[in-house]
Amino acid sequence: MEQNFVNMLIENPWIAALIIVVIPLVFVVIYALIAILGELKIASFVQERLGPMRTGWKGTMQPVAEVVKLLQKEDITPDAADKPLFNLAPFLMFAAAFAGFAVIPFSPYFLPAGIELGLFYVFAIGSLGVIGLVMGGWASNNKYSLLGAMRSVAQIVSYEIPAAIAILSIATLSGSLNLNVISDNQSGWFWNWYIFGGPGPWWKILVIPFTLGLGLIYLISTLAETNRTPFDIPEGESEIVAGYHTEYSGMKFAMFFFAEYANMFIVAAILMLLFFGGWNSPFGDFLNQWWMQPVWFILKAFFWVFLTIWLRWTLPRLRVDQLMYMSWKVLLPWGFVCFFAVSLFVMLK
Amino acid sequence: MLNYFKNMWLGVYTVLVGLRLTLIHLFSRNVTVQYPDERYPIPPNARNRLYLDPELCDACLRCAKACPVNCISIESLRAVPGLTPPLKNGDKRNLWVTHYEIDFAKCCFCGLCTEPCPTNAINTTTEFEYSTTKREDLIYTFVKMSDEEKKEKEEQLAIYQAEQKKKKAAEAEAKAKAEAEAKTKAVNETKNDN
Amino acid sequence: MGEKRKIELDYSQLDSERMRLNVGPQHPSTHGVLRLEVELDGEIVTDVIPHVGYLHRCFEKHCEKMEYPMVTPYIDRLDYISSMNNEWPFIMGVEQMMGIKVPEKVEYLRVIVSELNRIANHQIAIATFGLDAGAFTPLLWLFRDREMILAILEKLSGGRLLYNYFRVGGMAADIYPTFKEDVLAAISQVRKTNPEILNLLLLNKIFIDRTASVGILPADVAINYGCTGPMLRGSGVPYDLRRTEPYSIYDRFDFEVQIGKGEVGTVGDCWDRNIVRYREIEQSCNIIEQAINQMPMEGDVKEAFPKKVRPPKGEIYCKAENPKGELGFYIVSDGKNNPERVKCRSTSFVNLSVLPEISKGYMFADLIMILGSIDIVLGEVDR
Amino acid sequence: MQAQEIFDKLKEKFNDDILELKADAPSDPIILINGAELFNIAQFMRDKEELDFDYLVDLISLDLGDNLGAIYIFYSMKHKHRIALKAIVPKDNPILPTLENLWRTADWLEREAWDLMGIKFEGHHNLIRILNPYDWEGHPLRKDYVTPEFYHGMKVPY
């Protein structure tokens, strides 16, 4: 299977590589704008408001206006800040988030880098963002930023573990770390998705509760890793103002913002690839043409985005110790239980 | 251990209850009033910007005295009876308002000034959109007599006062005379009695 | 390597320092311009020093220069969330000094408007408390319902937030024709949407985890600190001036004084204080319903206006149950047009003083919740 | 318990320091006391079983011309009665004992009275200004207070 349609179209490898890099970048920007709009509009509809109504048709251009505003703003570096680190942090964070896109297959014909250890890579690179976060929090020379950064590190590091357990289980189930292969394994109807035990004999229904549990565990961990409510403690505005990006404004704040949204897409994509059939149509061969596959993939990722927004406007925020409790005492033990059950199933199959 | 499971179940259950509620509200009617296009109905008795009808004001200073923040400043001049047109409601005008201004930057919109007004000259209106970029623009001058007019009125008043003074003096003289006459008369009478 | 090194940790030698964090005067959740000097050991609060006075407006000094009717607009601005309740004790005090008996209709109208305002205040208190916990949606839902109440009060008095509606001897304006229907509609709306708030926020497991057994205020400490209102009732003391020393016509209504029972945690925790507020909304609805049905619709509200507000020589302490607690005015009159001295026993000021006592040893996030559960308005703290 | 009974009870214990009872309605009943003995009287009122004033409602400071006055309002949660104590101190040496150790609420109330009226509370652990800025001069609620023209270069009367 050829992994990149761009390579097929363009002879020159350099230009092709450039285009391959630019496509996800453009995608991230468009995706972030749509996600921001969704956030604004869903929030306001839940709260019986109308939300932004004056920019474009029914306020659809609001995110664009916000980004333009952010870019126009004065770039402020506080006097007491550690300037090199302060300026580096947002870019590091964005770079880390963006690097994850290298192995995300939008469709079988578009995989920027077809490395075999894709799952491992995306997980490793995802943790790098924490450094940018700590850097920003520390270099701001602000106590609120520092508190936010510390909370953030504790949170992200703890929640990597349940997430890793969930990923490990799926790797066991599929026998591969290549995201394209994992996705390919789940082709067919939606009961072949790994959240429903993956393809297998009829008695796989025994493992379905455990895979569902793993899906839930991974979902909760992704919420925590992307700092979404109810785990938005690092930027809990009522306590520590804005957490690690208290001192950031303008362009650098926009970088943090985009990094966050890029990160959100990565975790959503992983969730979809591992549990929800990736780029496969849920209905067998129906609408499973090559041009529909990326659409399915993006639609599924947007469903996750909708879910997080829905949760955000429903729930209050947890406290730091309760967050840790949830990670180490609830998600991790149950993750292990599910992992053992899945392993047993694989051995017996 | 039981508590552990109970907490977990409660956590999941209450989150689902909340999600159900927010989902219902996601599709319910929105209550936003899109302000400059649509407007919230303001009741007629709303206490917003004050309005003074200069034709009704008699400069009795009751509004200025009632104001808790002293935002009303009034200057007045005594009116000459006979030469002065009456108020709009037909009452006699005792004083000319030469200067009447309200500083809306100070005004606290309590409406206390409207209550003691004998002629309902000062009133609250429903107008609330009058923000300006300069603080001076918030000082509203309702009456400002030009210098010539003021001078004219002052002169009239001076003449009138002079006349009055004369009259008064004449009266006083007449009175004194009358009294003196009465006295002498009385003295005469007593004399006569004797 | 080889030899195993013995590790001895002497914690007193460990180089650690406590962090002093300045929360406020500009901070998203200090409910105004309150400044808290917080000493943190990691995330644990070891000391809190509140610095108040950023909004000091010399209320008491102003009162001495002002005639009695001119004081009410200033009182409105003390606790701007519940202005109606604020005006009542002052006006009542002046009336008692002058020996004015207000008409029946005025008494009922006063009860209705202040209970409406109590609902509005508690809605704000619960909403902002939810906001401190990170729940944004209940805020907007509660503001939507509050809007109906504010519309009624606006139609009555002409002001939306600062009413200036109470007068010595009566009210500034009579009721409008559809008053009864509007009030009943507002009550039914509040009653309909209240369970939603309960389910979405107050009974949510995360919210309970955040608030239960946090900021526990035992009853004796609460009394010793002079806390009143939902603060004290949350600690299980049924002290409500409407019931213990009924003023005006509160003895005619049937309602229950709500106290915290510690259903999900300990008696006197943040959750208890808020559930008391939540239940008081329901009780206020009951009172309003009874009052609006008993209220005489005819009659003049300006009947008992005195010619000149000039109380005789004397002094009086007049108190009323503000949504936040006992609000009292000590008025000293020397027979002139303006008071000799007005002292305001502001509820928020006294309630806030308990913050350092109950927030030590909790986490920083809990401090914010405790502060939110006290329900302060800085306009009243600083006067 | 009625005001008269409370007065009698106090008179019995502190005969000379309890001066008089003013109970002309509608004003609240006020017991005039000797300021120097305030702490002992207050302690007696709090701890005595039949009185049991566990709640200090308010502390009011007054300017009485040559003297300063302080009025303490007490309430008993148990017996549901109310009484006020009034102590008068000379203006040039306004010292009262602190009640901070009996009722914690007195902490802030006394700070407020010190800040605005300038009554010194002896034994208060932290008698600093509370509503005014910490470096403000004078006690604004006194009748003879003159508002300063400038505070740190800012014009004060607007």
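A compact table of results
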{"quantity": "Members of segment D:79-100 that are facing chain C (nearest Cβ under 10 Å) and either closer than 21 Å to C:Gly236 by Cβ or among the acidic types (Asp, Glu) (or both)", "calculated": "D:Lys80"}
{"quantity": "Given (1) assigned to a loop (DSSP other than H, G, I, E, B); (2) over 30 Å from C:Pro195 (Cβ atoms); (3) touching a Leu at 6+ places or on another chain (Cβ under 9 Å), number of the condition C:Ala304 does not satisfy", "calculated": "(3)"}
{"quantity": "From A:Glu66, A:Glu48, residue being surrounded by 12 or more Cβ atoms within 10 Å (Cβ to Cβ) and either within 14 Å of another protein chain (Cβ to nearest Cβ) or not in a helix (DSSP H, G or I) (or both)", "calculated": "A:Glu48"}
{"quantity": "Some residue of segment D:12-31 being under 14 Å from the mean Cα position of the chain (by Cα), aliphatic (A, V, I, L, M), under 25 Å from D:Glu100 (Cβ atoms) and more than 11 Å from chain C (Cβ to nearest Cβ)", "calculated": "yes"}
{"quantity": "Single match in B:Pro68, B:Pro54 (criterion: more than 30 Å from C:Cys63 (Cα to Cα) and in contact (Cβ under 8 Å) with a residue 40 or more places away in the chain)", "calculated": "B:Pro54"}
{"quantity": "Verdict on A:Gly198 being buried (at least 18 other Cβ atoms within 10 Å of the Cβ), part of a helix (DSSP H, G or I) and either small (Gly, Ala, Ser) or out of contact with any helix residue (DSSP H, G or I) (no Cβ under 8 Å at 6 or more places or on another chain) (or both)", "calculated": "no"}
{"quantity": "Residues of segment D:107-139 classified as within 18 Å of C:Pro356 (Cα to Cα) and in contact with a helix residue (DSSP H, G or I) (Cβ under 9 Å, 6 or more places away or on another chain), total", "calculated": "11"}
{"quantity": "Qualifying positions in segment A:124-133 - surrounded by fewer than 19 Cβ atoms within 10 Å (Cβ to Cβ) and part of a helix (DSSP H, G or I)", "calculated": "A:Ala124, A:Ile131"}
{"quantity": "Helices (runs of 4 or more DSSP H) contained in segment C:147-243 and holding at least 2 residues among the basic types (Lys, Arg), within 14 Å of chain D (Cβ to nearest Cβ) and within 30 Å of B:Phe128 (Cα to Cα)", "calculated": "none"}
{"quantity": "Only one of A:Ile36, A:Ile76 that is outside any loop (DSSP other than H, G, I, E, B), among the β-branched types (Val, Ile, Thr) and surrounded by fewer than 20 Cβ atoms within 10 Å (Cβ to Cβ)", "calculated": "A:Ile36"}
{"quantity": "Number of positions in segment A:333-347 that are touching a residue at least 12 places away in the same chain (Cβ under 8 Å) and closer than 17 Å to B:Val12 by Cβ", "calculated": "4"}
{"quantity": "Matching residues, segment C:308-325, being in contact with a helix residue (DSSP H, G or I) (Cβ under 6 Å, 6 or more places away or on another chain) and either closer than 25 Å to C:Tyr80 by Cα or among the aliphatic types (A, V, I, L, M) (or both)", "calculated": "C:Val309, C:Ile316, C:Cys318, C:Lys319, C:Ala320, C:Glu321, C:Asn322, C:Pro323, C:Lys324, C:Gly325"}
{"quantity": "Unmet criterion (only one of (1) modelled with pLDDT of 85 or more; (2) within 14 Å of another protein chain (Cβ to nearest Cβ); (3) surrounded by fewer than 19 Cβ atoms within 10 Å (Cβ to Cβ)) for D:Ile73", "calculated": "(3)"}
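The rows are residues; the columns are (1) away from every other protein chain (no Cβ under 14 Å); (2) within 30 Å of C:Leu198 (Cβ to Cβ); (3) crowded, with 24+ Cβ neighbours inside 10 Å; (4) touching a Cys at 6+ places or on another chain (Cβ under 7 Å).
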{"residue": "C:Arg77", "(1), (2), (3), (4)": "no, no, no, no"}
{"residue": "C:Glu87", "(1), (2), (3), (4)": "no, no, yes, no"}
{"residue": "C:Val102", "(1), (2), (3), (4)": "yes, no, no, no"}
{"residue": "C:Asn117", "(1), (2), (3), (4)": "yes, yes, yes, no"}
{"residue": "C:His122", "(1), (2), (3), (4)": "yes, yes, yes, no"}
{"residue": "C:Ala125", "(1), (2), (3), (4)": "yes, yes, yes, no"}
{"residue": "C:Thr128", "(1), (2), (3), (4)": "no, yes, no, no"}
{"residue": "C:Ala133", "(1), (2), (3), (4)": "no, yes, yes, no"}
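Results for (1) in contact with a Leu (Cβ under 7 Å, 6 or more places away or on another chain); (2) farther than 23 Å from D:Ile31 by Cβ, shown as yes or no for each residue.
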{"position": "D:Arg46", "(1), (2)": "yes, no"}
{"position": "D:Asp115", "(1), (2)": "yes, yes"}
{"position": "D:Leu141", "(1), (2)": "yes, yes"}
{"position": "D:Val156", "(1), (2)": "no, yes"}
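Residue-by-condition table, conditions (1) assigned to a loop (DSSP other than H, G, I, E, B); (2) surrounded by 21 or more Cβ atoms within 10 Å (Cβ to Cβ); (3) at pLDDT 85 or above:
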position	(1), (2), (3)
C:Asp251	no, no, yes
C:Phe255	yes, no, yes
C:Gly260	yes, yes, no
C:Glu289	no, no, yes
C:Asp300	yes, no, no
C:Gly328	no, yes, yes
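The values are calculated or read from the model by the stated rules, or taken from the named source; none is laboratory data. The structure displayed is predicted, hence computed values, not measured ones. Here Cβ is always computed from backbone atoms with ideal geometry, including for glycine, and neighbour counts include all displayed protein chains.
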